Amino acid sequence: MTQILIPLKQHVGAPCKGIVKAGDHVDRGQLIAEPNGLGANIHASFSGNVVDVNGENIVLVIDEEQDFSTYVPIPEVESHAKAIESAGIVGAGGAGFPTFLKLACEIPEGLFIANGAECEALLAHNVKQMSEHIDQLIRGMKYCMEMTKAPKGVIAVKGKHRLLVTRLLKAVSEDATLDVYQLPDIYPAGDERMIVREVMDVVLEPGQLPTEVGAVIDNVETIKRIAEAIEDRKPFIDKDVTVSGRVKQKETVFVDVPIGTPVKTLINNVGGYVEPHGEIVIGGPMTGRSGDEMTPITKTSGGVLVAMPFPQESRKVGLLICECGGSAERMTEIANNMGAEVVAAERCKRMVEVNGRYRCALPGICPGQAATVMSLKKQGAEVVMTGSCSD
């Protein structure tokens with residue numbers, strides 16, 4: 001008897017409200033939760049019996065036999081936008097913003113950008129998706145361009161993927177509305193503001209949205225799910241995931257992992273751990289969060305990375321916080337797991353406050369941090385921990 005969790009919060013906004021109850025049998029693809037304000041529909045990714053619905057999860061005991069080639073299709077709807085909304089599609093790159101809302105704008109003189117940067121180390125599923133399904137990527141972009149009235153579309157991908165870039169250029173060579181932009185191999189190349197700066201030569205102010213300068217940006221897996229919803233009436237029930245780190249088969253891409261799958265299943269499928277191993281990170285190494293073997297895959301899970309055991313550190317730690325890397329909470333967690341005491345924290349001098357949130361003024365262009373480090377030292381820090389810094 002296998003039990004899995006379907007989280008009710010897989011998106012920006014409040015957790016969804018379950019519309020099933022304990023004792024119900026659900027089929028793969030069946031709608032099981034609806035938004036409670038800002039959010040996105042959630043569908044069953046396995047068939048099985050509901051055993052609990054609480055504030056965080058719908059708990060299923062799944063059927064012994066599963067057919068992942070089938071699903072309950074979303075209803076026939078009158079528009080592509082409604083199909084995307086019905087399918088529960090959110091930003092699969094990690095942001096989790098409801099996609100139908102992002103596409104609910106018109107940029108008749110603007111640009112739709114497919115974000116294929118995959119900027120965090122070790123992750124490889126976006127590159128695999130683009131390499132193997134270029135036609136689907138282009139069809140998905142065309143749907144998005146049609147919905148936003150964007151006259152031109154650009155695929156943004158790191159230039160280091162030379163074979164992929166060559167194939168993409170060939171695929172769009174006879175379409176005057178499409179182009180390929182080669183991003184530099186730096187972090188965070190996938191940040192929306194950095195992509196706008198690179199592709200459009202426009203510097204967005206902190207807090208300014210891409211739509212304000214005529215751009216809409218979606219991750220390439222999000223575009224895959226858009227195409228599936230429109231063409232196959234498939235809800236967002238599967239996720240592409242990279243598994244890497246201290247595992248026996250490194251940098252393995254799993255395509256269409258049913259949402260709710262425990263990460264231990266994926267680790268087992270790559271041969272298990274390389275010992276010694278440390279924590280399991282869900283997401284990328286820079287912005288991922290700590291998980292465990294039973295953490296379920298969600299719509300925004302991009303990676304399952306098994307780390308080395310934490311080194312032990314007895315010196316006092318100062319945190320250098322930036323928007324592009326680990327949060328203060330995440331770095332404090334890491335420091336504590338190392339046995340260290342956090343005695344000070346300072347923000348990168350590039351960060352500015354916008355509407356109660358600190359944002360980076362120029363993502364990907366890190367300033368010198370000498371003054372910040374000296375401040376941390378004066379507060380008693382003997383070593384500095386930073387989430388991301390090129391200086």
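The values are calculated or read from the model by the stated rules, or taken from the named source; none is laboratory data. Computed from a predicted structure; not experimentally measured. Ideal geometry is used to build each Cβ from the backbone, glycine not excepted, and the neighbour counts take in all protein chains shown. Side chains are part of the model used for accessible areas, which takes the heavy atoms of the whole protein and leaves out ligands, DNA and RNA. Shrake-Rupley method; radii C 1.70, N 1.55, O 1.52, S 1.80 Å.
Side notes on the structure shown:
- The range 3-62, relative contact order in percent, only Cα pairs under 8 angstrom and at least six apart counted: 40
- When you restrict to C-alpha pairs under 8 Å that are six or more residues apart and normalise by the size of the range 60-164, the relative contact order lands at 28 percent.
- Taking the chain and dividing mean pair separation by its residue count, relative contact order in percent (alpha carbons under 8 Å, at least six apart): 15
- Helices in the chain, meaning DSSP H runs of at least 4 residues, each add -39500 (n - 2.57). Divided by all residues, the mean residue ellipticity at 222 nm is -7000 deg cm²/dmol.
- Dipole moment magnitude, nearest 20 debye, the range 93-159 about Cα centre, only Lys, Arg, Asp, Glu C-beta charged: 60
- In terms of its Cα atoms, the range 316-386 spans 33, 23, 21 Å along the principal axes, sorted from long to short.
- Area of HIS80 that stays accessible when all protein chains are in place (1.4 Å probe, Å², to 10): 60
- Between the range 42-79 and the range 282-306, the Cα center-to-center distance that results, in Å: 21
- Estimated from the Cβ-Cβ distance and a Förster radius of 41 angstrom, the FRET efficiency linking LEU169 and LEU101 is about 0.80.
- Distance-filtered residues of the range 362-391 - backbone nitrogen under 20 Å, label point 7 angstrom along ASN336 Cα→Cβ: 381-387
- Straight-distance candidates among the aspartates and glutamates for linking to LYS160, with alpha-carbon spacing under 18 Å and chain neighbours fewer than 8 residues away dropped: GLU118, GLU120, GLU132, ASP179, ASP185, ASP191, GLU198, GLU251.
- The accessible area of GLU76, taken with all protein chains in place and a 1.4 Å probe, comes to roughly 140 Å².
- Entries in LYS9/LYS316; LYS142/LYS239; LYS102/LYS152; LYS224/LYS349; LYS82/LYS299; LYS224/LYS250 that, when Cα-Cα distance is taken, lie over 27 Å: LYS9/LYS316; LYS224/LYS349
- When the surface is traced with a 1.4 Å probe over the full set of protein chains, THR265 keeps roughly 60 Å² accessible.
- Gained length - VAL202 relative to SER375, 0.36 nm times residue gap less alpha-carbon distance: 58.9 nm
- Share, in percent, of DSSP beta bridges within the chain that are antiparallel, nearest 5: 50
- Rounded to 5, the percent of DSSP beta bridges in the range 238-307 classed as antiparallel: 75
- Per-residue ³J(HN,Hα) for the range 173-182, Karplus 6.51 cos²θ - 1.76 cosθ + 1.60, θ = phi - 60°, Hz, x for Gly and Pro: 4, 9, 10, 5, 8, 10, 8, 10, 10, 8
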